[in-house]
1. For segment 2-44, how many residues meet the condition of being in contact with a Gly (Cβ under 9 Å, 6 or more places away or on another chain), basic (Lys, Arg) and modelled with pLDDT under 95?
2. Only one of these conditions is not met by Met482: (1) part of a helix (DSSP H, G or I); (2) within 16 Å of ligand 2 (Cβ to nearest atom). Which number is it?
3. Based on this model, can you work out whether Leu635 counts as touching a Pro at 6+ places or on another chain (Cβ under 8 Å) and either in contact (Cβ under 8 Å) with a residue 40 or more places away in the chain or surrounded by fewer than 17 Cβ atoms within 10 Å (Cβ to Cβ) (or both)?
4. Would you list the helices (runs of 4 or more DSSP H) that sit entirely within segment 490-581 and hold 1 or more residues that are under 29 Å from Val616 (Cβ atoms) and modelled with pLDDT under 90?
5. May I ask you to list the residues in segment 365-392 that are surrounded by fewer than 22 Cβ atoms within 10 Å (Cβ to Cβ), of a type in the set (Ser, Thr, Tyr) and within 16 Å of ligand 2 (Cβ to nearest atom)?
6. Is it the case that Cys362 is closer than 18 Å to Glu436 by Cβ, more than 15 Å from ligand 2 (Cβ to nearest atom) and crowded, with 20+ Cβ neighbours inside 10 Å?
7. I'd like the residue in segment 308-328 that is crowded, with 20+ Cβ neighbours inside 10 Å and under 25 Å from Lys149 (Cα atoms) and, out of all such residues, is farthest from ligand 1 (Cβ to nearest atom).
8. Is it true that Val469 is crowded, with 20+ Cβ neighbours inside 10 Å and assigned to a strand (DSSP E or B)?
Amino acid sequence: MSKEHYVQVALDVPALPILTYKAGEGEPRVGDRCVVPLGARRELGLIVGMTSHIDIDEKKCKSYLRLINEIEPLSTHWLKFTKFAADYYQHTWGEVALANLPQFFRSKPGPRYAMSLAKLREPFKAVKVKQVPELTLNDEQARAVEVLKKHSGFGAFVLHGVTGSGKTEVYLRMMESVFKDKPQAQILFLVPEINLTPQLEGRVRSHFPDKAVVTMHSGLSQGQRAKAWLAMHEKRAQILIGTRMAIFASIPELSLVLVDEEHDLSYKAGDGIRYSARDLAVKRAQMLAIPVVLGSATPSLETWANVRVGHYNLLTLTKRAVQTAVMPQLRVIDPRHCSLIKGISTEIVEAVSDRLSRGEQCIIFLNRRGYAPVITCTSCGWLSKCPHCSTYAVYHKDRVRLICHHCGWSHAVYSRCPDCGNVDLTPMGAGTQRIEETIAHLWPEARILRIDRDSTQRKDAAEKAFASVHAGEVDILVGTQMVAKGHDFQNVTLVVVLNIDAQLVSANPRGEERAFANLMQVAGRAGRAGSRAEILVQSRFGDKLIFRALAAQDYCLFADRLLQERKDEYAAPFVSQALLTADATDIDKALEFLRLAVQQAEIIRNRYEDFAHVTVYDPIPMALMRVADRERAQLLVEADTKARLNRFLRLWYPAVVSLKSAVRWTMDVDPVDV
Ligand code: ADP
Ligand code: ZN
Ligand code: ZN
């Protein structure tokens with residue numbers, strides 16, 4: 001290639017457009033990386049295009065300093081896909097493309113680059129796999145696999161299967177059929193939580209002994225991530241199991257995408273570029289004309305809406321796969337009309353005792369960690385507020401500290417009230433630690449294990465904890481959402497749910513939807529192997545539809561009703577939303593900035609007729625206004641379609657950038673917390 005050629009380079013810098021450089025040494029290809037001068041700095045860039053002509057002065061155009069082409073260039077598809085994500089989530093191409101490469105590939109090469117690269121290419125250590133006997137699919141499972149087998153091109157499939165219906169087996173057979181058609185195929189398998197990867201990885205490895213399987217999640221070292229990434233990029237591995245970050249992997253022969261537990265909130269990035277890996281999975285499949293399968297016992301309303309209008313194909317598994325397995329029976333117990341022992345109804349106490357006497361396991365689910373959400377002074381009413389947030393600091397008895405779950409502030413527990421000096425401070429309400437203590441009092445003989453974020457901080461702690469439940473070394477498992485997800489426990493016959501009411505009546509419009517998913521998921525841990533199983537929920541709202549739907553294990557009843565409500569209220573998913581959030585040292589500054597942003601929005605709205613269906617709401621302080629000494633406000637924008645919202649954001653976002661405010665702000669497209 002001659003020297004007249006220019007390369008267009010994307011850099012991981014906010015608001016920076018694609019820059020043009022002269023091609024220096026070597027033969028650059030689109031998808032290679034290069035080191036370029038940027039002001040006084042040297043930056044790593046990604047070549048996203050080439051051209052033989054430029055608009056700027058030839059002399060002003062600098063040359064790249066080094067071409068990095070020791071690996072195959074990133075594919076055209078990968079570039080298009082990251083470009084789409086950048087445009088959709090309002091970031092620069094470079095921010096999305098480069099930030100989502102493993103550190104090794106997004107950094108300027110060091111002196112030992114070639115050696116490190118060779119090391120990344122070393123073969124993987126052989127993994128011992130447990131042989132799992134081959135299962136015969138039941139009719140529903142076979143039909144689901146058959147539909148996918150017969151399909152060609154893009155298609156979004158929703159595998160809606162009750163808990164324990166054997167979705168994993170269906171995924172495996174779907175993968176098998178893809179490999180049968182195309183032996184060199186590569187498959188991406190997204191999972192919500194790293195805690196679920198070991199179990200799944202084992203199943204996948206044992207089913208595909210001839211395929212190389214790699215994983216990608218935040219629990220891996222940078223080196224391990226780079227190694228897995230490169231193995232997919234170079235087609236040495238065929239199956240990638242990973243959390244949301246894996247959606248951006250380079251997978252040249254990608255032929256099938258699976259998204260397990262697609263409703264899970266962890267698919268949505270909570271900071272940085274607020275992408276939804278599930279939504280991007282559908283987009284990526286569409287761009288490649290391949291199938292994508294979204295599996296869940298409780299699909300998200302967005303997904304369900306797409307099923308109902310016929311955009312997604314529904315595959316249903318209505319019964320549990322293990323013949324002897326049963327669905328748990330529901331009992332709702334109103335704490336106002338029964339006797340309680342330390343906040344737990346006697347009915348629940350009896351049910352637990354009954355299971356223990358039969359050597360069966362129980363799960364007690366409570367979505368709140370710590371000992372008590374707040375402590376109070378019995379004399380003056382003082383409450384353990386966090387000094388930096390508009391919330392309470394949670395009492396952690398094991399560490400004898402008050403800890404704020406929002407900013408991390410922590411303080412030794414006071415021996416007397418900081419306001420009046422009274423020594424009588426009492427915990428109010430219960431978290432997992434307190435329930436653990438209560439059940440230890442009630443059943444001193446029982447082997448009790450608590451699983452929540454606090455108890456599983458050490459590396460591998462969660463894996464070990466779950467393994468001990470599987471091994472039958474635990475009688476009562478107490479925990480947060482972590483215990484509700486995915487695990488195929490064999491001997492759990494009772495699930496107890498305490499304290500779901502806060503979520504049922506929360507101001508969050510999605511509170512009920514999430515409560516339902518939580519309840520269905522946690523109920524799904526019981527009765528997997530046989531005999532009878534029960535779910536006991538302590539709630540004051542027993543007459544709500546949610547419990548009727550839960551009792552009947554009828555997701556459709558619940559989801560269809562909720563969808564209708566959303567439609568009537570003209571709410572998401574029937575509108576598309578973007579949320580501009582600002583934070584500053586005081587709320588007035590944040591609100592002031594958002595008001596300026598509203599002015600910009602109004603200017604754009606009035607200029608184009610296209611935006612008659614765009615609604616810009618008033619800025620409001622967030623419900624949890626202050627976090628870590630920053631006061632937060634938000635501004636919601638709605639449009640009737642995603643496409644229109646995106647057209648609007650493309651004009652509005654740069655206008656907000658141009659305000660050059662000192663206020664910190666972020667834009668969240670398709671926010672999940674409004
Ligand atoms: P889900 O992910 O739908 O909750 P799993 O994939 O964990 O369900 O499967 C639940 C249980 O059913 C597992 O123990 C699995 O081995 C078993 N299973 C799946 N398919 C079959 C089948 N066709 N016959 C017998 N058992 C099966
Ligand atoms: Zn006091
Ligand atoms: Zn705080």
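The values are calculated or read from the model by the stated rules, or taken from the named source; none is laboratory data. Remember, predicted model here, so these are calculated numbers, not experimental data. With ideal geometry, Cβ positions are generated from the backbone for all residues, glycine too; neighbour counts draw on all protein chains shown.
1. Going through segment 2-44 one residue at a time, the tally reaches 1.
2. For Met482, the exception is condition (2).
3. It is true that Leu635 is touching a Pro at 6+ places or on another chain (Cβ under 8 Å) and either in contact (Cβ under 8 Å) with a residue 40 or more places away in the chain or surrounded by fewer than 17 Cβ atoms within 10 Å (Cβ to Cβ) (or both).
4. 511-523
5. Hits for segment 365-392 are Thr376, Thr378, Ser379, Tyr392.
6. Answer is yes for this residue.
7. Out of the qualifying residues, it is Tyr312.
8. Criteria not met by Val469.
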